[in-house]
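These notes concern the structure reproduced below.
Taken together, the values in this text are just the output of simple stated rules run on the coordinates, not laboratory data. A quick note: this is a predicted structure, and the numbers were derived from the prediction, not measured. Heads up, the Cβs are rebuilt from the backbone with ideal geometry, glycines too, and the neighbour counts pull from every protein chain shown.
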Amino acid sequence: KNEVEQSPQNLTAQEGEFITINCSYSVGISALHWLQQHPGGGIVSLFMLSSGKKKHGRLIATINIQEKHSSLHITASHPRDSAVYICAVKNRDDKIIFGKGTRLHILP
Amino acid sequence: KAGVTQTPRYLIKTRGQQVTLSCSPISGHRSVSWYQQTPGQGLQFLFEYFSETQRNKGNFPGRFSGRQFSNSRSEMNVSTLELGDSALYLCASSLALARKQYFGPGTRLTVL
């Protein structure tokens, strides 16, 4: 079993829909990251969380340390949000472990 | 401000050769991390450097090495290349450890 699990693996939605991507982890962590990777490989760091909730534009990230779970929400989704979203955690040994990613496709 | 740059962008090598990849961080950033991305394994952490010192290392064999220079530029070296080393190698810089990272475009290495 992977130490970082993301769901769903693939998600197709219509423009305007509210999107939720989930990340569960099984290790103690010092921080959790959400990354966005567009076709062609470019990666953007969206959020770094150690507790609570963060918001940036239409993106919201939450983390529940007790339940070892984080969610990334996208409100009013747009085709330009189509990308792979990757969850990564830094464990207590400072090792970074990545999830396999969620491929999101927003249809116009 | 210029972003993170990586050179070369594409590279083809044959098994047994060695390769050196370069990463220039955003001006003022002192931390550089390296990652490997393959279709099978996804993203994996290689190294993290801060102020010319390796602060953290992933689970890769000793064929993978790196260093950081006084101007924060970093290089990674892979010796005795294997087919499985074919991957996208990404570099990311940040102002300091545990700060937001900014990724470069990557170097795509193909080993034949």
Modelled FRET efficiency - R0 30 Å, A:VAL27 with B:SER51, Cβ distances, 0.05 increments: 0.60
Proxy exposure order for A:ASP93, B:ASP85 (fewest C-beta within 10 Å first) is A:ASP93, B:ASP85
Run the numbers for A:LYS54 and A:GLN14: contour at 0.36 nm per residue of separation, minus the present Cα-Cα distance, in nm. 11.9 nm
Hey, if you drop one equal point scatterer on each alpha-carbon of the protein assembly as shown and run the Debye formula without solvent, what base-10 log of I(q)/I(0) do you get at q = 0.09, 0.10, 0.14, 0.16 Å⁻¹? -0.36, -0.45, -0.88, -1.12
So how far apart, in nm, are the two label points at B:ARG67 and B:LEU11 if each is 7 Å from Cα heading toward Cβ? 1.5 nm
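Given charges of +1 on the Cβ of Lys and Arg and -1 on the Cβ of Asp and Glu, with all other atoms neutral, how large is the dipole of chain B about its Cα centre, in debye to the nearest 20?
Computed about the Cα centre, the dipole is about 220 debye.
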Relative exposure of A:CYS87, B:CYS91, judged by other C-beta atoms within 10 Å (fewest first): A:CYS87, B:CYS91
Note the full-extension length gain between B:THR80 and B:LYS100 as 0.36 nm times their separation in residues minus their Cα-Cα distance, in nm to one decimal. 3.9 nm
What's the exposure ranking of B:MET76, A:MET48, going from fewest to most Cβ atoms within 10 Å? A:MET48, B:MET76
Tally Lys/Arg at +1 and Asp/Glu at -1 over every other residue whose Cβ is under 9 Å from the Cβ of B:SER94; what's the total? +3
Take the alpha carbon atoms of region B:70-112, find their radius of gyration, then divide it by 2.2 N^0.38 Å using N residues; give the quotient. 1.42
For region A:68-81, in order, what is each residue's ³J(HN,Hα) by Karplus, 6.51 cos²θ - 1.76 cosθ + 1.60 with θ = phi - 60°, in whole Hz (x at glycine and Pro)? 6, 8, 9, 10, 10, 10, 10, 8, 6, 4, 9, x, 5, 7
Estimate the FRET efficiency between A:HIS69 and B:GLN41 by the formula 1/(1 + (r/R0)^6), using the beta-carbon distance for r and 25 Å for R0, to the nearest 0.05. 0.60
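Among DSSP bridges having both ends in the protein assembly as shown, what percentage is antiparallel? Round to the nearest 5. Present the calculation step by step, with values, prior to reporting the outcome.
On the way: 78 of 87 bridges.
For the protein assembly as shown, the DSSP antiparallel bridge percentage is about 90.
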5 Å is the cut-off here: which amide hydrogens, built 1.01 Å from N in the peptide plane, fall below it relative to B:ARG55, excluding neighbours closer than 5 in sequence? B:GLU48, B:TYR49, B:PHE50
Using the Karplus curve 6.51 cos²θ - 1.76 cosθ + 1.60 with θ = phi - 60°, work out ³J(HN,Hα) for each residue of region B:50-59 in order, rounded to whole Hz, and write x for Gly and Pro. 8, 6, 6, 10, 6, 9, 7, 9, x, 8
With x for Gly and Pro, the residue-by-residue ³J(HN,Hα) of region A:33-39, computed from phi through the Karplus equation 6.51 cos²θ - 1.76 cosθ + 1.60 at θ = phi - 60° and given in whole Hz, is 10, 10, 10, 10, 10, 8, x
Over all pairs of different Cα atoms in region A:10-108, the reciprocal of the mean inverse distance gives a Kirkwood radius in Å of 13.7 Å
